[in-house]
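Below is one structure, written out as structure tokens; the observations come after it.
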Amino acid sequence: MIQIKTFYFNDLRECTYVLWDETNECVIIDPGCHSNTEKERLEKFIESSGLKPVLLLNTHGHFDHIMGNAFVASKWHIKTHIHPEDKPHLERALQYSDMFGYKIDEPPTDTSDLKDGDILKFGKSSLTVIYTPGHTRGGVSFYSKDDQFVITGDALFAGSIGRTDLPGGDYDQLMESLLGRLIKLGDDVKVYPGHGPATTIGQEIATNPFLRCE
Ligand SMILES: [Zn+2]
Ligand SMILES: [Zn+2]
């Protein structure tokens, strides 16, 4: 069974997730750790829990989700996995973050491509990649069928959805990702978004004003 630890990192309170199972192999999703204190918090958690990071996954390439890529990749010698459509965000990460007034460590661009339907294995567990563009061109979600949760990045939030006004954003595409894909995972599936608290698909169908189907 997969266990999940959530960190809220950097000024944008971005959700960084550490997932592990009984083998203690773990994956780190969207490391947004920026300050040294945040990097230490992540490191201490992983070391003190006896976890072994084996994958670095990005739901998308926005700078608040990749600020800690350089730290995580070099600390644990693991490769970044991202959808190729969002790789330009990594390649231009210093420019993008500078535009928003942030200095970040340059993320590695020697990455592995994610595509829809990929199965990512760690320990005795696996995650399925679901392509959910719209917030960015290469947005993906990570779904565990066995443990009934999905990590959505900035596609879906509790009570809201991702913005589509940034470069590469597309409202119709995002709605297709949400209505055509994510909500079909089923009401009981727990949602871990890129910002804010966890929720469930059922809760969002019932209350999220952006998910009206008509
Ligand atoms: Zn984003
Ligand atoms: Zn974000």
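Every read-out reported here was derived from the displayed coordinates using simple, explicitly stated rules and does not represent laboratory data. The structure displayed is predicted, hence computed values, not measured ones. Note: ideal-geometry Cβ built from the backbone for every residue, glycine included; neighbour counts use all protein chains shown.
A Förster radius of 45 Å combined with the Cβ-Cβ distance from Gln148 to Glu40 puts the calculated FRET efficiency at roughly 0.90. The peptide list 112-122, 127-137, put in order of mean Cβ contacts within 10 Å with the highest first, becomes 127-137, 112-122. Remark: spin-label model distance Asp172-Met99 equals 2.4 nm, labels positioned 7 Å along the Cα→Cβ axis. Positive-end ranking of Gln148, Leu51, Val27 along the dipole of the chain, with charges on Cβ about the Cα centre, is headed by Leu51.
By its C-alpha gyration tensor, with a ≥ b ≥ c as the square roots of the eigenvalues, how is the stretch 61-178 shaped: rounded for a/c under 1.5, else prolate for a/b larger than b/c, else oblate?
Numbers: a/c = 1.87, a/b = 1.08, b/c = 1.72.
Here the stretch 61-178 falls in the oblate category.
Taking Cα centre as origin and charging only the Cβ of basic (Lys, Arg, +1) and acidic (Asp, Glu, -1) residues, the dipole magnitude of the chain rounds to 300 debye.
A simple spin-label model places pseudo-atoms 7 Å from Cα toward Cβ; at Asn24 and Phe210 they are separated by 4.0 nm.
The distance from the alpha carbon centre of the stretch 74-145 to that of the stretch 147-185 is 16 Å, rounded to a whole number.
Per the Debye formula on identical point scatterers at the alpha carbon atoms of the stretch 1-102, with no solvent, log10 I(q)/I(0) at q = 0.10, 0.11, 0.14, 0.24 Å⁻¹ is -0.25, -0.30, -0.49, -1.36. The GluC sites (Glu not before Pro) of the stretch 1-37 that DSSP puts in a loop, and whose beta carbon has at most 12 other beta carbons within 10 Å, are Glu22. Protection proxy ranking of 88-97, 60-69, by the mean of other Cβ atoms within 10 Å over each peptide's residues and highest first, is 60-69, 88-97.
A convex hull fitted to the Cα coordinates of the chain yields 105 cubic angstrom per residue.
Here is the size of the stretch 111-193 from its Cα atoms: Rg then Dmax, 12.5, 39 Å.
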